[in-house]
Amino acid sequence: MNTTGPLPTPPTTEQTVATFTRFFRERGHHLITGSTLLPPPGDPVLFTTSGMHPLTPYLEGRPHPLGQRLVNVQRCLRTTDLDEVGDSTHLTVFEMLGSWSLGDYGGPQSLRWGYELLHDGFGIPRDRLHVTVFGGDEQVGVDRGSLDTWQELGLPVELTHGEENWWSNGPTGPCGPDSELFVWTGDTPPRGTPTTDPRWVEVWNHVMMRYRRHEDGSLTPLRQQNVDTGMGLERLLSVLQGTDSVYGTDLFEPWTREVPELWEIGDVPALRLVIDHLRSLIVVHGDGARPSNTGRGYVPRRLIRRTLTTLWRDNPDRTLGDLPRDLISHAQSHFGLRDDPDSVLKVLTNEEQRFRRLLDRGHKVLSRPEYRNRPLTEDDYDYLHDTHGLPRELMGTLGRSGNSSPCGV
C-alpha cells in the first residue's frame, strides 16, 4: 500500500489554487484580493504574517463590503522562523489559502466543507486523514461541535488539552478553539496520532473565534462569532504532489533545477536557504520594500546578507548578479508582480557591494589586539554597532585572525 505517493493525477499549483477558490465561491464566498506583503497604513507590524491579518477589523465586527463569506490567497512573510528555513517545510515568504465566516455559519459547517474539499475535491483518501480537537481546560469545555462533526464524518479524532488546539491573536483579544486536519505522509499504513507521530502533517486549521480574552485572563463570548481557516499552499502542494519537501513541488522546480547549476551547493539545507531567500527578496522588492538599516527595510538587507554568507562559504567570488532573469520572472509571474527583473538585480548587487565593504571594515576592526583571543562582550557589541555599523549577527561570521575570506569562515 503506497500511502505517501502523489495522488493519481497530482494537481499543479495553478490547479490547486483554482480548485480551492472555486470550491468556496460556489458556496457563496466572495474572492478578495490577498496581494501585498505590506500591511495597511497605521498597522504596527512590518509585514503581513497571516491570511487573517488584513481582515482583523472585520473579525472585530466591522461589516465587510463583500459580505460575511470570504475566500482568498494571501502572501505572507514571517521572520520568526528564519532559523528553521532549510528544512522541508519552512519558508520566509509563503501563501495562505483562507476562508472566513464573519458571523455567518459556524464551525461544524466549516469542518464539513474542509473534509469535502480535501477528500472529494483533492482526492485525499479518508484513511490518510486525522484531526485534532480542543479537549477543554479549566475555563472552556470540550469543543463538542467539532468533535461531533468529525465523529459523524467518520474521521479519527485526537482530543488535545492546554494550548494545543486553542487559537489566540495575543494575550488579549479574540480567541477560541481550533480543529486541525492532518494528512499521513509516512511510507507505512497510517499509525499513531498527530501528537505521537510526526508523519501526520498538518495542512489546514479551522479556528472557531468565539471568545474575547481580557487582561485578567477571563473570557467572554464575542458578539460576532467567526470562523477563520488557513491552509499553507506550499505544504498542501507537497502532500498532493507526493514530495518529501515543499521544495520538491512544481512551484519550486525552476529554482531547484537552475540554482545548483549556477552555484554548486552540496548541503541541502544551505541550497534551500539560498532558494528561499532569493525568491522572498523578489517578492519583497515587488511589494515596494527596499534594504535599509531599520524597520521594514532591514528584513531584505538581512536576507541578502544571509544568502551571501552561505554562498561565499565555498567561493567568495560568487555574485548575485549572476541570478538568472528567468528565475526572477518566474517568481514575479506567480505573485503577479510587474517590476523589471533588472531592477531586482540592481538592488541585489548594490547590497552585495555594501556587504563586501562592511565585511572588509569588520575584519580590520576585529583583527585589532583588543579583540583577539577572547569572546565579545555586550559592551563590545554595542560599541561595534554604534561606532562601526557592525550588526551583532554579522560579527559571528567574521574571523578575527586576518582571514581574507569575505565571510571569515
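Data for the structure
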item	result
Trypsin sites (Lys or Arg not before Pro) within region 260-359: DSSP coil, no more than 16 neighbouring Cβ in 10 Å	338
Most mobile listed residue (171, 65, 391) in the chain, GNM with C-alpha springs under 10 Å	65
Dipole magnitude of the chain, debye to nearest 20 (Cβ charges: Lys/Arg +1, Asp/Glu -1, about Cα centre)	1000 debye
Mean separation of Cα contacts under 8 Å, 6 or more apart, over the residue count of region 166-277: relative contact order %	19 percent
Under 5 Å, built H, 5+ apart or other chain: amide partners of residue 167	176, 178
Cα-based helix-to-principal-axis angle, 144-153 vs the chain, degrees rounded to 10	80 degrees
For residue 30, residues with placed amide H under 5 Å, excluding near neighbours	69, 70, 71
Chain lengthening between residue 339 and residue 144 when straightened (0.36 nm per residue, less Cα-Cα)	65.2 nm
The chain - mean residue ellipticity at 222 nm from DSSP helices (-39,500 (n - 2.57) per run, n ≥ 4, rounded to 500)	-10500 deg cm²/dmol
In degrees, nearest ten, helix 253-262 long axis to first principal axis of the chain (Cα)	10 degrees
Region 228-269: mean projected area of Cα convex hull, nm²	3.7 nm²
Degrees between helix 298-312 axis and first principal axis of the chain (Cα, 0 to 90, nearest 10)	60 degrees
Region 208-279: GluC sites (Glu not before Pro) in DSSP coil with no more than 12 other Cβ atoms inside 10 Å	215, 264
Kirkwood estimate for the chain, i.e. one over the average of 1/r between Cα atoms, Å	23.4 Å
Euclidean distance between Cα centres, region 148-182 to region 71-147, Å	9 Å
Relative contact order of the chain, defined on C-alpha pairs under 8 angstrom at six or more residues apart (%)	14 percent
Fraction of alpha-carbon pairs over 19 Å apart in region 147-248 - percent	53 percent
Stretch gain in nm, segment residue 151-residue 66, where the contour uses 0.36 nm per residue and the Cα spacing is subtracted	27.2 nm
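Every number in this text was worked out from the coordinates using simple rules, so none of it is lab data. Source: prediction; values computed, not measured. Every residue, glycine among them, receives a Cβ derived from its backbone with ideal geometry; neighbour counts consider all protein chains shown.
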